[in-house]
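Written below as structure tokens is the structure these notes are about.
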Amino acid sequence: MSLKVNPELCTACEACAAACPFGAIEVVDGLARVNEKCNLCGACLEVCPVEALSIERQEAGPVADGHEGVWVFAEQRHGRLAPVAFELLGQGRVLAEKLGTRLSAILFGWGVRNLAADLFAAGADRVFLADDPRLAGFTDDLYGGLLTRLAIEHRPEIVLGGATAMGRSFIPKVASALHTGLTADCTGLDIRASDRLLLQTRPAFGGNIMATIVCPSRRPQMATVRPRVMRRGPVEAGRAGELVEVSLAGVEWMDRTRLVEFVEDLSEKVNLVEAEVIVCGGRGLGGGRHFGLLRELADLLGGSVGASRGAVDAGWISYAHQIGQTGKTISPKLYIACGVSGAVQHLVGMQSSEVIVAVNKDPHAPIFDVADFGLVGDLFEIVPELIGRLKAARG
Amino acid sequence: MEILVCIKQVPDTRDVKLDPATNTLRREGVAGIVNPFDLYAMEAALRLRDAHGGRVFAMTMGPPQAAEALRELVGYGVDEAALLSDRAFAGADTWATSYTLARGVEKLGRFDLIVCGKQAIDGDTAQVGPELAEQLGLPYVAFVRRIASHDPAAGLLIVERLMDDGYDVVEIKLPALITVVKEIGEPRVPSLKGKMRARKLDIPVLTAEGLGADPDKIGLNGSPTRVLEVFAPKPRGRRVRIEGKPRDQVTQLLEHLKKDKTLAAKVGAA
Amino acid sequence: MDYFLTEEQQMIQDLARQIAEEKVLPVRAELDEKEEFPRALLAHFAAADLCGLNIPQPYGGMGLGMFEQALATEQVARVCCGVAVSYASSGLGIFPLLLYGSEEQKQKYLPDVAQGKTLAAFALTESSAGSDASNIQTAAVRDGDAYVLNGAKQWITNAGEADFYTVIAITDRAKGPRGATFFIVEKGDKGFSFGKREKKMGIRCSATGELIFSDCRIPADRVIGREGMGFIVAMRTFDMSRPGVGALGVGLAQGALEAAVDFARTRIQFGRPIIGHQAVAHILADMATGVEAGRALLYAVARYLDSGAKEVSKVSAMAKLFTSDTAMKVATDAVQVLGGHGYMRDYPVEKMMRDAKILQIFEGTNQIQRNIIGQELNKEAGRARKK
């Protein structure tokens, strides 16, 4: 498989070199030449005015080796199903319909049997349940080893998981063990009807471009999706499905890692990745004590408090609240940025928020370029005003 | 302790911009930097070495100029470095990358601990650390925010793993791999002696053949995933400016927010 | 402009700049506001091997010269003059040892300074002896195998923070210029204490205070050089250390210039960035020319000193004089360019203006520098005439 340049047609116009996002084409001695950075994305083909470029692809035919089914890893933590599990079931149902196949949910834990009903109600045709005291706490070895064994045994064609801390931790282990492809943080999932291929779309280069990834030859095709990106599907209470009990037999490595304890972060009622509303403070706050004001606003809106890297580095709030390239990526319904300038590394972490409100006294702050609603002014006047109005409305 | 830090040289994504006119990335003059998370990984490794003795190695898979990133780490105090470089490695996805890195680890020797940064800021997948551990058959903990204790006699490490709702305290048997987040500790400053040493240090380059790597498992060829296409993200932001005194601004904002059903419920009669 | 630095010199400059930008910049305003001594930052310089640049290698230093030290100090001063003063003043404190110390003294004190484990300070100024250094009153009386010091030093940089002090005291008033001696006094010596810490206009994070000697008894082996050499040691120390002050001036002026240019490019008045208005562009042009002239003079003098030249007083005074006057002018002009914003503490230039003033005063006022240059011109011409 490779990119071919037809020397008879090439005019050395360099349009292909300019179009290549990976710097893989150089025009040398009057001919476009491809180097090893090419990954066959095809951006150059589209811009060549003389059609001198072509890609030889191995056609991945319909997968005939018996892999079928869409699986969703239904994350549960401390006895509660993560919201992202329902969002994945919603999208998983759509994919399963397109493929004409079944949707299954994978549930690991201890004392979580009762949660299976919620998964059936949310659209799962089948639930693989491993209910074992050794699975009470999350370890990569056990969760990863068990999911791997199940995938080898039952051969799904697609496995989806939430890009939560748990998912991002153990799902790569499964993909590696299965020698298959995994695409992280997908913002879009679809099926290419001609060959049943899963089209996995995600941001790359810090969100500067979008890429569509496929896993043509290996199975299962695996993808993780961030919370709040996909929509939940309809819920049908009492819906029935097939429950498959799974044991830990045959799983290696039971004791290389041990969960000693969990220490809860009590500073937020809702964790940032699941929050519907986030109020974020940046350097413009001027001091850690002012986060109290943002806390008040967040509480009134049922949301959580986030921070830019500048505020965290200044020691005003802990790293667990940091949003951005080296912090958390979130996509709430409403994101209110107070005193945040909007450096690119911060935008990367929050630009998929549905509604962005920015409050900043600097009219040229980059945050205003991505905001839906921009309020130029003093946050110490605007935020208390907003808080006052929300409080008054509650009576 | 013999500790290995796996790093990546990445473009400074602050400087990589999409040209909306041509739909391509403008990459001229974009500097290569050490992936920021990897400096934290390096710092974690150096602190362990300073406390318990031993050596810290740095390794990366990349083009020849990635050796500069390794030299930068030597300037901070890392003891040795090795570069895995071969045209055949190019275009690798995380599976092929972790396969290649694993062959490098095996070639370099036995390590008590491998430390990686949580993720690279160009790929953002956070997959290579766990996949590398799996290739090597090692236990691992991702998103480590603190190394609470190290028991050399028992070969145990106790770490804190950052989760979305708090943190897990995990005990792990060495040899193992961890990926770290920024809370693990701010990187130190390089030293003059370190930088001088880095300038002169011989950094071996290991090729596919030197690693005994299976050609079907490296580079673009060995990657289970493929990029089908790239396109510009939809520009976001309605960019509505709300002017006036704070009271008027808040009034207008609330009006806009109430147009959405969910948000209207949150702001109520405000 | 390229000053054709060696690879090693470039490394020093890059390293000092990296530390200044990563570690000093985020905290400079807070350190100034709280008047807090930057001990944690000094630890970074130590870890980077930047605390012993001009200490010879046998004593654990890098064995380089004043030029390399100036390169480093300049980069720190560009970000914060107060931190740079704290960093560089230890170097002033050890100069008497470097120039005239015995082998035992060098072995005892220099390695820890090179590793950043200890800090030094230089103590000459007293309430009645500023420019008139010969008027010092602190006295040291020989008593068996010890000396007993009585008196007080004023406005000493690093007072209270330094671990040892190079102190000049009168040992024989009758001998006039040959009647003073330098001693090493250590924190913890009996009878040695610190007075109040001064509240200053600028370089507020630098620790400035009184040293009090009250029957302070120190062993006789603490004499640097020999009895009676005191003023020679002091004059020679100042000759060699002036490039360090010059580096503070060039660095501060560079920082002020950059801040002014950045502001002038984004501040829009009368329909365009103010850098497009000649009045402003001319101010910036003069600022930039002064900075470059100061840098060129500083580098030339530092290299000359490092070459081992003997007659250095005139050019060393010029380096200090020109760069400090330039720093004061450039910082003041920077505030002017920023206008109202420049006066606000939200912007870094008012601090630079406050910091710059001391550069024209300490280490020999600029009036004294002019005296020195005048005297040297006279001497040189006299010698030339005799030939």
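Read the figures in this text as sums done on the coordinates, not as results from a lab. Keep in mind the model is a prediction, meaning the values are calculated, not measured. FYI the Cβ positions are ideal-geometry reconstructions off the backbone, even for glycines, and counts take in every protein chain you see.
Exposed loop GluC sites (Glu not before Pro) only (DSSP loop, at most 16 other Cβ atoms within 10 Å): please give the longest stretch of chain B free of them, not including the sites. Provide the component values of the computation, followed by the final result.
Details: sites that count: B:E28, B:E243.
In short, B:29-242.
At 222 nm, what helix-only mean residue ellipticity would chain B give, in deg cm²/dmol to the nearest 500, using -39500 (n - 2.57) for each DSSP H run of four or more? Walk me through the numbers on the way to the answer.
On the way: 8 runs with 85 residues, N = 270.
Theoretical 222 nm ellipticity from helices: -9500 deg cm²/dmol.
Relative contact order for chain A using alpha-carbon pairs under 8 Å, separation at least 6, rounded to a whole percent?
Result for chain A is 12 percent.
What nm value, rounded to one decimal, do you get for the distance between C:A43 and C:R345 when each label is placed 7 Å out toward the C-beta?
2.7
Size of the dipole of chain B about the Cα centre, Lys and Arg at +1 and Asp and Glu at -1 on the beta carbon, nothing else charged, in debye to 20?
Details: 38 positive and 37 negative charges, 234 e Å.
Charge dipole of chain B: 1120 debye, to the nearest 20.
Order the peptides A:245-252, C:148-155, C:61-68 from the highest to the lowest mean number of other Cβ atoms within 10 Å of their residues.
Working: A:245-252: 12.9, C:148-155: 20.0, C:61-68: 21.6.
By packing density, highest mean first, the sequence is C:61-68, C:148-155, A:245-252.
Can you pull the Rg over Rh of region A:89-145, Cα-only, Kirkwood?
Values: Rg = 12.8 Å, Rh = 12.2 Å.
Rounded to two decimals, Rg/Rh equals 1.05.
Provide the net charge surrounding C:V280, with neighbours chosen by a C-beta distance below 14 Å and charges set as Lys +1, Arg +1, Asp -1, Glu -1. Intermediate values should be presented prior to the final figure.
Working: positive: C:R265, C:R267, C:R272; negative: C:D262, C:D286, C:D333.
Result for the neighbourhood of C:V280: 0.
Mind listing which trypsin sites (Lys or Arg not before Pro) in region C:325-366 are in a DSSP loop and have 16 or fewer other Cβ atoms within 10 Å? Could you put the intermediate results ahead of the total?
Values: sites: C:K329, C:R345, C:K351, C:R354, C:K357; in loops: C:R345.
Taking region C:325-366 and a limit of 16 other Cβ atoms within 10 Å, the loop trypsin sites (Lys or Arg not before Pro) found are C:R345.
Does a label point 7 Å from the Cα of C:D221, set along Cα-to-beta-carbon, have any residues of region C:93-119 with amide nitrogen under 16 Å, and which are they?
Under 16 Å, as judged by backbone N against the label point of C:D221, lie C:101-111 of region C:93-119.
Would you work out which of B:L156, B:S85, B:A232 lies farthest towards the positive end of the dipole of chain B, given +1 charges on the beta-carbon of Lys and Arg and -1 on that of Asp and Glu, about the Cα centre?
About the Cα centre, the residue reaching furthest to the positive side is B:A232.
Consider all pairwise Cα distances in the protein assembly as shown and report the whole-number % of them above 55 Å.
Details: 148162 of 552826 pairs.
Tail of P(r) above 55 Å: 27 percent of Cα pairs.
Suppose only helical runs count, i.e. DSSP H with n ≥ 4. What mean residue ellipticity at 222 nm does that imply for chain C under -39500 (n - 2.57) per run, divided by all residues and rounded to the nearest 500 deg cm²/dmol? If you can, show how the numbers build up before the last one.
Details: 12 runs with 200 residues, N = 387.
About -17500 deg cm²/dmol.
Grab the DSSP H runs of chain A that are 4 residues or longer, score each as -39,500 (n - 2.57), total them, divide by all residues and round the 222 nm result to the nearest 500 deg cm²/dmol. Spell out each step's value before the answer.
Numbers: 10 runs with 99 residues, N = 395.
So the calculated ellipticity at 222 nm is -7500 deg cm²/dmol.
Neighbour counts of other C-beta atoms within 10 Å: give me A:D195, A:D141 arranged from fewest to most. Walk me through the numbers before you get to the answer.
Working: A:D195 13, A:D141 20.
Result, fewest neighbours first: A:D195, A:D141.
Show the residues, 5+ positions off or on another chain, whose built amide H is closer than 5 Å to the amide H of B:G166.
A:D265
For a quick check, take a GNM of chain A with Cα springs below 10 Å and name the residue from A:Y335, A:Y143, A:Y319 with the largest mean-square fluctuation.
Of the options given, A:Y319 has the highest mean-square fluctuation.
Taking other Cβ within 10 Å of each residue's Cβ, how do A:T148, C:T323 sort, fewest first?
Details: A:T148 20, C:T323 31.
Arranged by neighbour count, lowest to highest, A:T148, C:T323 become A:T148, C:T323.
Which cross-chain or sequence-distant (5 or more) residues have an amide H under 5 Å from the amide H of A:L199, H modelled 1.01 Å from N in plane?
The list, which skips near neighbours in sequence, is A:D190, A:I191, A:R192.
State which stretch of chain A is the longest one without any exposed trypsin sites (Lys or Arg not before Pro), exposure meaning a DSSP loop state and at most 13 other Cβ atoms within 10 Å.
On the way: sites that count: A:R57, A:R231, A:K269.
With trypsin sites (Lys or Arg not before Pro) excluded where exposed in loops, chain A gives A:58-230 as its longest stretch.
Find the centroid of the Cα atoms in region A:129-145 and in region B:29-77, then give the distance between the two in whole Å.
34
What is the spread of the Cα atoms of chain A along each of their three principal axes, largest first, in whole Å?
Between the extreme Cα coordinates on each principal axis of chain A lie 71, 61, 41 Å.
Which one, C:G340, C:A129, A:A130, is farthest towards the positive end of the dipole of the protein assembly as shown when Lys and Arg carry +1 and Asp and Glu -1 on their Cβ?
So the residue we want is C:A129.
According to a simple spin-label model (label point 7 Å from Cα along Cα-to-Cβ), what is the distance in nm between A:E264 and A:S217?
Output for this residue pair reads 5.0 nm.
Is there a quick way to get the dipole size of region B:90-204? I mean about its Cα centre, with the Cβ of Lys and Arg at +1 and of Asp and Glu at -1; what is the value in debye to the nearest 20?
Details: 15 positive and 16 negative charges, 186 e Å.
Roughly 900 debye for region B:90-204.
Taking neighbour counts of Cβ atoms within 10 Å as a proxy for exposure, in what order, fewest first, do A:H154, A:H346 appear?
Numbers: A:H154 17, A:H346 28.
By the 10 Å Cβ count, ascending, the order reads A:H154, A:H346.
How shielded is B:257-268 by partner chains, expressed as the average number of their Cβ atoms within 10 Å of its Cβ atoms? Provide the component values of the computation, followed by the final result.
Values: counts 7, 0, 1, 4, 0, 6, 7, 0, 1, 9, 7, 7.
Taking all residues of B:257-268 together, the mean is 4.
Calculate the spin-label point distance for A:K361 paired with C:K386, positioning each point 7 Å from the Cα along the beta-carbon direction, and give it in nanometres.
6.7
When the expected Rg is taken as 2.2 N^0.38 Å, what fraction or multiple of it is the alpha-carbon Rg of region A:223-312?
Values: Rg = 20.4 Å, N = 90, 2.2 N^0.38 = 12.2 Å.
Output field value: 1.67.
With +1 on each Lys and Arg Cβ and -1 on each Asp and Glu Cβ, and nothing else charged, work out how big the dipole of region C:265-387 is about its Cα centre, in Debye to the nearest 20.
Working: 19 positive and 12 negative charges, 83 e Å.
For this selection, approximately 400 debye.
Compute all pairwise cysteine Cβ distances in chain A, then list the cysteines with no distance under 4.7 Å to another cysteine.
A:C10, A:C13, A:C20, A:C38, A:C41, A:C48, A:C186, A:C215, A:C280, A:C338
Semi-axes of the equivalent ellipsoid of chain C: what are they in whole Å, largest first, if each equals the square root of 5 times a C-alpha gyration tensor eigenvalue? Could the numbers behind the result be given before it?
Details: eigenvalues 259, 106, 81 Å².
Computed over chain C, the values are 36, 23, 20 Å.
Kindly flag which residue pairs out of C:K196/C:K329; C:K34/C:K117; C:K153/C:K196; A:K269/B:K234; C:K310/C:K386 have an alpha-carbon separation exceeding 22 Å in this structure. List each step's numbers first, then the result.
Details: C:K196/C:K329 31 Å; C:K34/C:K117 24 Å; C:K153/C:K196 12 Å; A:K269/B:K234 33 Å; C:K310/C:K386 20 Å.
Result: C:K196/C:K329; C:K34/C:K117; A:K269/B:K234 exceed 22 Å.
Count charges around C:V185 for me, please; just the other residues with Cβ under 11 Å from its Cβ, Lys/Arg as +1, Asp/Glu as -1.
Working: positive: C:K153, C:K187, C:K190, C:R217, C:R222; negative: C:D163, C:E186, C:D189.
In short, +2.
Could you state the per residue volume, in Å³, of the convex hull enclosing the Cα atoms of region A:277-393?
Numbers: hull volume 10.1 nm³, N = 117.
That works out to 86 Å³ per residue.
Give the lysines whose C-alpha is closer than 18 Å to that of B:K259, dropping any in the same chain fewer than 8 places away, or say none.
A:K333
Stokes-Einstein D for region A:2-56 at 37 °C, 0.692 mPa s, Kirkwood Rh over Cα pairs, in µm²/s? Before the final figure, lay out each step's value.
On the way: Rh = 10.7 Å.
Answer from the Stokes-Einstein relation: 306 µm²/s.
For region A:277-393, with the dipole built from +1 on Lys and Arg beta-carbon atoms and -1 on Asp and Glu ones, taken about the Cα centre, which of A:A371, A:G281, A:L386 lies farthest toward the positive end?
A:G281
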